[in-house]
Amino acid sequence: MKNSKLVQYYIIGSGSINELELLLSFKRENSNSYVVFLIDHFFKSISLTNKLPILENDTVIFVDTTNEPHSEYIDGIIETLKIKAIRPSVIIGIGGGSTLDIAKAISILLTNPGSAEDYQGWDLVKNAPIYKIGIPTIAGTGAEFTRTAVMTSKTKKLGINSDHSVYDQVILDPDLLTTVPNEQFIYTAMDCYVHNVESLRGSQNDEMTIAFAEKSLNMMEEIFLGEMNLEKLQVASAMGGIAIANSNVGICHPLSYGLSLVLNLHHGFSICIAFNQLAEYYPEVSKFKEILEKYNVRLPKIITPEISLEQINRIADATLKNERPLENAFGKNWRSIFTKEKVIELIKKM
Ligand SMILES: [Fe+2]
């Protein structure tokens, strides 16, 4: 049976980022205490740092999110941080899913030996991490509320799944969402939409995750086919995150992992590319297409003549490695239903 851990504290509302100063004051115990701010590099050109209570002692790192988090990149940050003799009191992740996940991994690796790769898997973290605060600047990944720090290493895309990955404190300030470019905004939001659909249509859910996913899905449809409300979107994202973290993904995420691994695509984008071809499994695809049209997002064809058969094969193999999600979607005999031929047929349409 699952023993589900949730985020302990959260603050929600316009301007809630201003509460950060007070929250940090409780953690700045003496003159040696300092805070590490891990900020999405997108904010290098858009001034956000002037809103943050950064003191002279603190360390600010702009996180390169051009590619999905990689274990070697995380190890590199750890090496930089270990130059200081004293550990930081607080790690703060400010950004999208990648930045939030990197901050989770950093908080763990500062108190646990070895490299990020060593902790890819389930419940491998032994020592308590550094206290961490998550501040999302885009909505949909649910990363702010989950126990996974997603990353790729040389051979696999697998998160650090641990109670120690869960944020101690989250700040949901809808004002931070206003700078996200339209397409990225939609791709990431649709990640949440898909979390809800996969959670609800699988078999590994329970009454709690069903309640969260149903409400989140309704809110998403209200927001995207009715009137946009950023605060509501942050709540939907959080609820979708809780639902998926405590149930399982289905058909779309395994396909998206294959696409991301082989073609180096961002998570939200590859989710949209895959979900767009899954109408035979998920009736919600028609509403998803309505949303894309309303927001003028046209998905490009990614399986072009430049993509080799060998690459398509690798995408299919990586997809089929996700046994538990596929069992969640199709049942125990999923292999006889979701065959490699079927997967390749779907990939070729993308
Ligand atoms: Fe996702």
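No value in this document is a laboratory result; all are computed from the given coordinates. Predicted model only: the values in this text are computed from it and were never measured. So basically every Cβ, Gly included, is an ideal-geometry build from the backbone, and we count neighbours across all protein chains shown.
Using Cα positions and a limit of under 21 Å, work out the lysines in reach of Lys132, with same-chain residues fewer than 8 apart set aside.
Lys5, Lys27, Lys51, Lys82, Lys84, Lys104
What's the long-distance tail for region 9-177, i.e. % of Cα pairs beyond 30 Å?
In whole percent, the long-distance tail amounts to 10.
Please give the Cα centre distance for region 292-350 versus region 69-131, rounded to the nearest Å.
For region 292-350 versus region 69-131, the Cα centre distance is 31 Å.
I want the local charge near Phe62. Using Cβ-Cβ distances under 10 Å, sum +1 for each Lys or Arg and -1 for each Asp or Glu among the other residues.
-1
In terms of modelled amide H atoms, which long-range or inter-chain residues lie less than 5 Å from the amide H of Phe62?
When sequence neighbours closer than 5 places are left aside, the close amide H contacts are Ile39.
Would you mind telling me the antiparallel percentage of the DSSP bridges in the chain, rounded to 5?
Counting DSSP beta bridges with both partners in the chain, the antiparallel share is about 10 percent.
Suppose we keep just the DSSP beta bridges with both residues in region 9-177; what percent of those would be antiparallel, to 5?
Details: 3 of 28 bridges.
If I count the DSSP bridges inside region 9-177, around 10 percent turn out antiparallel.
Give me a comma-separated list of calculated 3J(HN,Hα) values for region 119-133, in order, Karplus coefficients 6.51, -1.76, 1.60 applied at θ = phi - 60°, integers in Hz, x for any Gly or Pro.
Couplings: 10, 5, x, 10, 6, 9, 7, 9, 8, 4, x, 6, 3, 9, 10 Hz.
Quick one: grab the alpha carbon gyration tensor of region 1-101, order the square roots of its eigenvalues as a ≥ b ≥ c, and give me rounded if a/c is under 1.5, else prolate or oblate depending on whether a/b is larger than b/c. Before the final figure, lay out the partial values.
Details: a/c = 1.15, a/b = 1.03, b/c = 1.12.
Rounded shape, in that the Cα axes give a/c under 1.5.
Give me, ordered by chain and number, the residues 5 or more places off Ala149 or on other chains with an amide H under 5 Å from its own placed amide H.
Residues meeting the criterion, in which the H sits 1.01 Å from N, are Ile160, Asn161, Ser162.
Going by how many other beta carbons lie within 10 Å of each one, how would you line up His253, His70, fewest first?
The order, fewest Cβ neighbours first, is His70, His253.
Apply 1/(1 + (r/R0)^6) to the Cβ-Cβ distance of Lys232 and Glu310, taking R0 = 45 Å, and write down the FRET efficiency to the nearest 0.05. Mind dumping the intermediate values first?
Numbers: r = 44 Å, r/R0 = 0.99.
FRET efficiency, Lys232 to Glu310: 0.50.
Helix 309-320 versus the longest principal axis of the chain: what angle, 0 to 90°, nearest 10, using Cα atoms?
Approximately 70 degrees, to the nearest ten.
Within region 151-229, list the trypsin sites (Lys or Arg not before Pro) lying in a DSSP loop whose Cβ has at most 11 other Cβ atoms in a 10 Å radius.
Values: sites: Lys154, Lys156, Lys157, Arg201, Lys215; in loops: Lys154, Lys156, Arg201.
Those that pass, being in a loop and sparsely packed, are Lys154.
Take the alpha carbon gyration tensor of region 182-349, find the square roots of its eigenvalues, order them as a ≥ b ≥ c, and report rounded if a/c is under 1.5; if not, report prolate when a/b exceeds b/c, else oblate.
Because a/c hits 1.5 or more and a/b fails to exceed b/c, region 182-349 counts as oblate.
As a test of understanding, state the convex hull volume per residue of region 253-311 from its alpha carbons, in Å³.
Hull volume normalised by residue count: 94 Å³.
Out of region 242-350, which trypsin sites (Lys or Arg not before Pro) are coil in DSSP terms and have no more than 16 other C-beta atoms within 10 Å?
Those that pass, being in a loop and sparsely packed, are Arg298, Lys301, Lys321, Lys332.
If we count GluC sites (Glu not before Pro) as exposed when they sit in a DSSP loop and have at most 14 other beta carbons within 10 Å, what is the longest stretch of the chain that avoids them all?
57-226
Full extension from Glu19 to Ile337: what is 0.36 nm times the residue separation minus their Cα-Cα distance, to one decimal in nm?
Working: separation 318, 0.36 × 318 = 114.48 nm, distance 5.12 nm.
Full extension from Glu19 to Ile337 adds 109.4 nm.
Give me a comma-separated list of calculated 3J(HN,Hα) values for region 89-101, in order, Karplus coefficients 6.51, -1.76, 1.60 applied at θ = phi - 60°, integers in Hz, x for any Gly or Pro.
7, 9, 10, 10, x, 10, x, x, x, 5, 5, 5, 6
Check which residues have an amide H placed less than 5 Å from Ile11's amide H, if you skip close sequence neighbours.
Under 5 Å from the amide H of Ile11 lie the amide H atoms of Val170, Ile171, Leu172, each far enough along the sequence or on another chain.
Express the Stokes-Einstein translational diffusion coefficient of the chain in µm² s⁻¹, to the nearest whole number, given a Kirkwood radius over alpha-carbon pairs, 10 °C and a viscosity of 1.306 mPa s.
It comes out at roughly 77 µm²/s.
Output wanted: per-residue J couplings in Hz (rounded whole) for region 172-177, from phi through Karplus 6.51 cos²θ - 1.76 cosθ + 1.60, θ = phi - 60°, x for Gly and Pro.
Those phi angles translate into 10, 10, x, 4, 6, 8 Hz.
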